[in-house]
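The values are calculated or read from the model by the stated rules, or taken from the named source; none is laboratory data. Because the structure is a prediction, the values reported are computed rather than measured. Cβ coordinates were reconstructed from backbone atoms using ideal geometry, including for glycine residues, and neighbour counts include every protein chain displayed.
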Amino acid sequence: MWMSIRIKKFLLVYLLLCAPYSVADEAESMPSPIYLWPEKPLVTPDRETIKDQRVYFVDNPSITSFLPEKNKANGTSIIIFPGGGYIRLAIFHEAFDIAKWFTERGITVFVVKYRMQEYGYPAPLLDGLRAVRLVRSRAAEWNLDPNKIGILGFSAGGHVAASVLTRHDFVTKEEDPLVKVSAKPDFAVLGYPVISMQATHAHQGSRKALLGENPSAELMAENSLELQVKKDVPPVFMFHGVADQAVPVANSLTFFIEVQKYNANSELHIYQSSIHGLGMVQGQGSISSWPQALDLWLKQNKWID
């Protein structure tokens, strides 16, 4: 009996997380998850689990949509990659909590559940690229502007986002029906991101989970995104605590040095803080004001009114 109740509770939470959510009308029926690779059979049994408001073992990557009220919707969208060291997804405080902030500003949000250490590189990158392509390919259907698609990533999710940002032309031998749809985002937001896989600044846990125990120098360089910035890089908003205890601030500094060479519409905010995994938690000093700074940047660059 106890086990039956527990399973029912788990299934309810799972359905709530997978189904698209509308702040305009929570009573609407909840559709099935939007899987990133509908042309492929789903992996069964699906090991995906939720523990301590984090998602583990993503076998069937998907997106969850958060919709603004119709009278607020402005056509801009943003795709969010929560962090978690490529081991888990901090999907509540680094995605769902933040989605509400964006929808209040008329932005449509898509939260990505991407594959992690169980699959390793390049699975997370492929999921990120497909997420952008999927949203862009269905922009008309969802009343979105295909030229106003942003990405946001925190910590290891920042590494996924920055990978999409700098390696949007990445291809593999696998055929992708959407390969002709551009995976290049129009802007990016990176919060305390993992950027480098080099020994000096790497977040060791993320590197091991993504690239394995002893990655080659070539593989580390390929995934050190400060080395991948090109002249066509879109505008980027970044923030980081100067004494971040998990991901050194040098990750953001080295990346921004390269970005600012090519895109003067970018910003980097360094705060007097040692906090990592902040999300939108308030009362943590000046770093808690990053959403206000982002709001001004979005308006200045015409992503929102």
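Is it true that MET238 is within 24 Å of ALA183 (Cβ to Cβ), free of Cβ contacts under 8 Å to residues at least 24 places away in the same chain and among the aliphatic types (A, V, I, L, M)?
Judged against the criteria, MET238 is not a match.
What strands (runs of 3 or more DSSP E), lying completely within region 53-139, carry at least 1 residues that are on the phi > 0 side of the Ramachandran plot?
Hits in region 53-139: none.
Which of the residues belonging to region 33-52 are in a strand (DSSP E or B), over 24 Å from LEU178 (Cα atoms) and touching a helix residue (DSSP H, G or I) at 6+ places or on another chain (Cβ under 8 Å)?
Correct list: ILE50 only.
Being within 24 Å of ASP232 (Cα to Cα) and in contact with a Gly (Cβ under 9 Å, 6 or more places away or on another chain) is true for just one of TRP290, TRP303, TRP297. Which residue is that?
TRP303
Only one residue in VAL249, VAL236, VAL242 is buried (at least 21 other Cβ atoms within 10 Å of the Cβ), at pLDDT 95 or above and under 23 Å from LEU225 (Cβ atoms), so which one is that?
VAL236
Restricting region 196-250 to residues that are over 18 Å from the mean Cα position of the chain (by Cα) and basic (Lys, Arg), which is nearest to ASN265 (Cα to Cα)?
LYS231
Can you find a residue in region 88-102 that is closer than 30 Å to ALA202 by Cα and surrounded by fewer than 17 Cβ atoms within 10 Å (Cβ to Cβ)?
Yes, some residue in region 88-102 is closer than 30 Å to ALA202 by Cα and surrounded by fewer than 17 Cβ atoms within 10 Å (Cβ to Cβ).
Quick grid of which residues meet (1) touching a Lys or Arg at 6+ places or on another chain (Cβ under 7 Å); (2) under 19 Å from TRP101 (Cβ atoms); (3) among the charged types (D, E, K, R); (4) part of a loop (DSSP other than H, G, I, E, B):
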| site | (1), (2), (3), (4) |
| --- | --- |
| ASN263 | no, no, no, yes |
| SER274 | no, no, no, yes |
| GLN282 | no, yes, no, yes |
| PRO291 | no, yes, no, no |
| TRP297 | no, yes, no, no |
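Looking at region 280-290, which of its residues are crowded, with 17+ Cβ neighbours inside 10 Å and either in contact with a helix residue (DSSP H, G or I) (Cβ under 9 Å, 6 or more places away or on another chain) or of a type in the set (Val, Ile, Thr) (or both)?
Result: ILE287, single match.
I want to confirm something. Restricting to region 140-183 and keeping residues that are among the polar types (S, T, N, Q) and assigned to a loop (DSSP other than H, G, I, E, B), which single residue is nearest to VAL109 (Cα to Cα)?
Selected residue: ASN143.
Of VAL181, VAL135, which residue is among the aliphatic types (A, V, I, L, M) and surrounded by 24 or more Cβ atoms within 10 Å (Cβ to Cβ)?
None of the others qualify; the one that does is VAL135.
If we keep just the residues of region 167-205 that are closer than 25 Å to SER216 by Cα and of a type in the set (Lys, Arg), which is modelled with the highest pLDDT?
Among residues in region 167-205 that are closer than 25 Å to SER216 by Cα and of a type in the set (Lys, Arg), the one modelled with the highest pLDDT is ARG167.
List the residue pairs whose Cβ atoms are under 7 Å apart, where the first residue sits in region 62-87 and is closer than 17 Å to LYS299 by Cβ and touching a residue at least 12 places away in the same chain (Cβ under 8 Å), the second is surrounded by fewer than 23 Cβ atoms within 10 Å (Cβ to Cβ) and among the aliphatic types (A, V, I, L, M), and the two are 6 or more positions apart or on different chains.
PRO68/VAL23; ASN74/ILE304; GLY75/LEU144; THR76/ILE304; SER77/LEU144
Pull up region 249-261, narrow it to residues that are in contact with a strand residue (DSSP E or B) (Cβ under 9 Å, 6 or more places away or on another chain) and part of a loop (DSSP other than H, G, I, E, B), then point me to the one that is nearest to GLY285 (Cα to Cα).
If we take residues in region 249-261 being in contact with a strand residue (DSSP E or B) (Cβ under 9 Å, 6 or more places away or on another chain) and part of a loop (DSSP other than H, G, I, E, B), then VAL249 is nearest to GLY285 (Cα to Cα).
Go through SER182, SER163, SER206, SER216 for me and flag whichever is of a type in the set (S, T, N, Q) and without any contact (Cβ under 8 Å) to a residue 12 or more places away in the chain.
Checking each option against the conditions leaves just SER216.
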